[in-house]
1. Show me, for region 89-101, the HN-Hα J-couplings you get by feeding each phi into the Karplus relation (A = 6.51, B = -1.76, C = 1.60, θ = phi - 60°), rounded to Hz, glycine and proline as x.
2. Do the alpha carbons of any pairs in 46/103; 66/154; 103/157; 66/103 sit beyond 19 Å of each other, and which pairs?
3. Arrange the peptides 44-50, 157-163, 24-30, 129-135 so that the one whose residues have, on average, the most other Cβ atoms within 10 Å appears first.
4. Using a 10 Å cut-off on Cβ atoms, rank the peptides 81-90, 58-67, 14-23 from the highest mean neighbour count down.
5. Using amide H atoms built 1.01 Å from N in the peptide plane, name the residues 5+ places from residue 74, or on other chains, whose amide H lies under 5 Å from its own.
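Taken together, the values in this text are just the output of simple stated rules run on the coordinates, not laboratory data. The structure displayed is predicted, hence computed values, not measured ones. Heads up, the Cβs are rebuilt from the backbone with ideal geometry, glycines too, and the neighbour counts pull from every protein chain shown.
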Amino acid sequence: MPRPRTKEDLMIAAKENYDKLNVLIAKLSDEELNTPLDFLSDEKKKEAHWKRDKNLRDILISGISKIENHKFLTTKDGVPNIVTVAFENIRSEVLLHFLESEKIYISTGSACSKGKKSRTFDGIGLDNKYNDGVVRISLSEFNTEEEITIFIEKLEKYVNEIRMIMKRGR
């Protein structure tokens with residue numbers, strides 16, 4: 001189904017997904033329906049997920065490092081499933097929409113800024129030329145190395161495209 005463009009399209013897509021979910025739920029046994037969702041109950045599973053996420057994050061960071069004029073706001077010892085990076089002289093909202101057109105979804109700004117200038121950026125001394133270009137990339141247990149590679153290619157393409165557009169506008 002194409003991306004919903006109107007409220008009516010969105011309602012149709014939501015209904016279709018709701019119907020699909022109901023079909024899946026109907027196939028579950030009573031025991032399955034009453035089993036708590038405790039995916040990471042044992043330590044070995046937690047450790048395996050941590051290592052997998054860290055590996056994906058390291059691939060992501062390595063790929064982003066090849067894009068000019070960026071600053072990581074994520075540390076190597078931070079949580080393995082979130083990478084925050086700032087790109088010089090781009091608007092993160094524009095980047096978000098470019099990637100969205102490829103069905104790639106990211107967040108903009110800091111998690112605590114809620115649409116206004118983040119005091120976090122001032123606190124860490126982030127240069128103003130990076131402030132508008134901050135994005136957060138969240139990984140899930142469902143992401144693959146192939147998806148990370150594709151993401152990096154699209155990210156580099158669109159960061160460079162936005163920068164070209166910004167240069168022409170000056």
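1. Once rounded to whole Hz, the list reads 6, 9, 9, 4, 4, 5, 4, 4, 6, 4, 5, 4, 5.
2. Among 46/103; 66/154; 103/157; 66/103, the Cα-Cα distance tops 19 Å for 46/103; 66/103.
3. Most protected by this proxy first, the peptides run 129-135, 157-163, 44-50, 24-30.
4. Top of the packing list down: 81-90, 58-67, 14-23.
5. Amide H to amide H, under 5 Å and 5 or more residues apart or across chains, residue 74 pairs with 84.
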